[in-house]
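Asks: First, the structure itself, so that you have it in front of you.
The values are calculated or read from the model by the stated rules, or taken from the named source; none is laboratory data. Note that the structure is predicted; figures quoted are calculated from it, not measured. Note that each Cβ is placed from the backbone with ideal geometry, even for glycine, and that neighbours are counted across all protein chains shown.
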Amino acid sequence: NAGVTQTPKFQVLKTGQSMTLQCAQDMNHEYMSWYRQDPGMGLRLIHYSVGAGITDQGEVPNGYNVSRSTTEDFPLRLLSAAPSQTSVYFCASSYPAGGNSYEQYFGPGTRLTVT
Amino acid sequence: DAKTTQPNSMESNEEEPVHLPCNHSTISGTDYIHWYRQLPSQGPEYVIHGLTSNVNNRMASLAIAEDRKSSTLILHRATLRDAAVYYCILRSAGTSGSRLTFGEGTQLTVNP
């Protein structure tokens, strides 16, 4: 299994541009999430999904959209990039395993710079 | 959400045990204690989790205080590869496994 994959690894955008960060998992996980991590800080939840067709907002959703049309994919869209969105973005997946495991598997991250 | 408190940084020597503390005095009876670690330039990875009893796995041990207001992650023999930021996270049993709240964690330095 490839696990959780993210593309691109690096991206530079100009203010106002839009783009989509891709995330895919091949573990048949029901739950998927997007986090951002600013320098020297912990991760903050942007959006999450508990299954295909179901998404919800996390702690810092403004400026981002998500959709979940398949179990495998969970893209994150930046509508109009701003310098404040410069960060490292991590996608994660997990499943409601028996015994309340809820272990999350994280992708390698996308480093985004907005100028 | 209940909050956790961890030291900003800790140091250890290679091949010695490491005890990483976490305080969670406002923990509720249904909160699970999760530990993740983040190696440099990588995404976080799961280490261990528990509810009330001490837990062991191939990576580490988790010791939970009897009153559950604190816990300790134990690395039995630190290696250079264990240098990472370690996050102690509480997850309510009613919360989706996709919604973890990360603090700033403990930066562990392992000296050769």
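Asks: For segment A:38-115, give me every one of the strands (runs of 3 or more DSSP E) that falls completely inside it and has 1 or more residues that are in contact (Cβ under 8 Å) with a residue 40 or more places away in the chain and more than 19 Å from residue A:9 (Cα to Cα). Spell out how you get there, then give the answer.
Replies: Values: elements: A:43-51, A:54-57, A:64-66, A:76-78, A:87-94, A:110-114.
The qualifying strands (runs of 3 or more DSSP E) are A:87-94.
Asks: Give the number of residues within segment A:39-67 that are closer than 21 Å to residue A:16 by Cα, exposed (fewer than 14 other Cβ atoms within 10 Å of the Cβ) and among the small types (Gly, Ala, Ser).
Replies: 0
Asks: Could you check how many residues of segment B:53-74 are crowded, with 19+ Cβ neighbours inside 10 Å and more than 18 Å from residue B:8 (Cβ to Cβ)?
Replies: Final tally of qualifying residues: 3.
Asks: Right, something else. What tally of residues in segment A:26-50 results from selecting those that are more than 7 Å from every other protein chain (Cβ to nearest Cβ), within 11 Å of the chain's Cα centre (by Cα) and within 13 Å of residue A:5 (Cα to Cα)?
Replies: 1
Asks: Tell me, which strands (runs of 3 or more DSSP E) lie completely within segment B:26-87 with 2 or more residues that are touching a Gly at 6+ places or on another chain (Cβ under 9 Å) and touching a residue at least 24 places away in the same chain (Cβ under 8 Å)?
Replies: On the way: elements: B:31-38, B:45-50, B:61-64, B:70-75.
Output list reads B:31-38, B:61-64.
Asks: Residues A:11, A:6: which one is within 14 Å of chain B (Cβ to nearest Cβ) and either modelled with pLDDT of 95 or more or in a strand (DSSP E or B) (or both)? Write out each step before concluding.
Replies: Numbers: A:11 fails: within 14 Å of chain B (Cβ to nearest Cβ).
Going through A:11, A:6 in turn, the sole match is A:6.
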